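The values are calculated or read from the model by the stated rules, or taken from the named source; none is laboratory data. These numbers come from a predicted model, not from an experiment. Heads up, the Cβs are rebuilt from the backbone with ideal geometry, glycines too, and the neighbour counts pull from every protein chain shown. The area values use the complete protein model at the heavy-atom level, side chains included, leaving out ligands, DNA and RNA. Shrake-Rupley method; radii C 1.70, N 1.55, O 1.52, S 1.80 Å.
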Amino acid sequence: MTGVYTDNQPDFTWLQPYEEKSFSQYFMPYKHIGMVKNASIDAAVSLDMDRSEGIAQIGVYVTSPFRKAVVELSSQRRIYIKESVDLEPSKAFVQKINLLAEDEDDELCLTVKDAAGRELISYQPQKKQVEQMPAAAAPLPEPEELRTNEELYLAGQHLEQYRHATFEPEAYYLEGLKRDKNDSRINVAYGTLLLRRGLYSASEACFRKAISRITWCNSNPYDGEAYYQLGLSLKHQGRMDEAFSAFYKSVWSAAWQDSGYFSLAQIATEKGNYEEALELVERSIIRNARNYKARNLKSVPFFVSWATTKRQ
């Protein structure tokens, strides 16, 4: 099993349009050091105490040679070992050390540094304590039982994020809109849900209500998602000029420049405005160079120009 480490497995997280989340995971062989207590891409260490014998056994395994590395085991009272050794993957460094009775396990610290003093890995046992049992998961209250629109919005978002099998987010969004029909967050959330279902006209109405609220005091709102989602709804309805205007408004917000400029470039390309499309897609790539759809789209004006030249 592989996957990004999170606070909860499995973790269902949000991905914005054309966003990429990445992680690195390393599978590393090791030998002769017993149970690994901490590891990095450079080294793995073990530290095992036998209080009946009054000894500790340390183990160090490295993934590449480190000449004159320094292995140190210390407490607040003394340094047990500080030894310069040549470490290499072909042989683990293992040593037993007599401990002072007054040194607790959680006071010991094992560190490995290279010859320049850069720490490769360290390990200090945690103080033993009784862990509290985490609270059991509880079902969401019925929509009518939640007191605020914020709770209704967050409940709906939770159900969407975790794709709940028995609860529908729609019920929480509709309860919020019953209380405040122009609630901007709920209108955007519910409109996006309708958009994914292909109900474009209904989603458009939600986005326009959200925009009427967020532009109540300021024509340039803090966030441009409502405009971006409106642009998608209009694009699916074939109303390209209106969609173009909505997308252009969304990119006033930095968070939506990546996807907004890409959508603008798509429309400009479809209309044959290749020079404008090239400028727009370049702005999208500046915000997100990992959007391969944008990078592919950028090649269209060059291809059209080349094909036109060949025909002439």
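Want the number for A135 to S201: 0.36 nm per residue separation, take away the alpha-carbon distance, what's left? Before the final figure, lay out the partial values.
Working: separation 66, 0.36 × 66 = 23.76 nm, distance 4.25 nm.
Here the segment from A135 to S201 would lengthen by 19.5 nm.
The length gained by stretching the chain between Q16 and D180 to full extension, at 0.36 nm per residue less their Cα-Cα distance, is 56.4 nm.
Taking label positions 7 Å along the Cα-Cβ direction at both Q25 and K127, the computed distance is 3.4 nm, reported to one decimal.
Specify the angular offset, from 0 to 90 degrees and rounded to the nearest 10, of the alpha carbon long axis of helix 225-236 from the longest principal axis of the alpha carbons in the chain. Long axis of 225-236 versus the principal axis of the chain: about 60 degrees.
Could you work out the helix-only [θ] at 222 nm for the chain, with each DSSP H run of four or more residues adding -39,500 (n - 2.57) and the total divided by the number of residues, to the nearest 500 deg cm²/dmol? Each step should come with its number before you reach the end.
On the way: 9 runs with 124 residues, N = 312.
The helix contribution divided over the chain gives -13000 deg cm²/dmol.
Projected label points at R77 and T148, each 7 Å from Cα along the beta carbon direction, are separated by 5.3 nanometres.
Hey, what's the chain come to in accessible area per residue, 1.4 Å probe, Å²?
On the way: 19410 Å² over 312 residues.
Spelled out: the 1.4 Å probe surface of the chain, per residue, equals 62 Å².
Ligands, DNA and RNA left out, the accessible area of the stretch 158-294 computed with a 1.4 Å probe is 51% carbon and sulfur.
Relative contact order of the stretch 59-183: what whole-number percent is it, with Cα pairs under 8 angstrom and at least 6 residues apart? Please list the in-between numbers first.
On the way: 161 pairs, mean separation 22.4, N = 125.
Relative contact order for the stretch 59-183 comes out at 18 percent.
Label reach from D86 (point 7 Å along Cα→C-beta): in the stretch 43-74, amide nitrogens under 17 Å belong to 62-71.
Could you state how much accessible area K96 has, in square angstrom rounded to the nearest 10, with a 1.4 Å probe and all protein chains kept in place? Ignoring ligands and nucleic acids, K96 comes out at about 130 Å². Computed from the C-beta positions of C217 and W252, the FRET efficiency with R₀ = 22 Å rounds to 0.90.
Using a 1.4 Å probe on the protein heavy atoms, what percent of the accessible area of the stretch 53-129 belongs to carbon and sulfur? Mind dumping the intermediate values first?
Values: 1890 of 4470 Å².
Carbon-and-sulfur percentage of accessible area, whole number: 42.
From the square roots a ≥ b ≥ c of the eigenvalues of the alpha-carbon gyration tensor of the chain, which class results: rounded (a/c under 1.5), prolate (a/b over b/c), or oblate? Verdict is oblate for the chain. Cross-linked pairs K37/K82; K37/K68; K96/K128; K68/K128; K37/K113; K31/K68: Cα-Cα separations exceed 26 Å for K68/K128.
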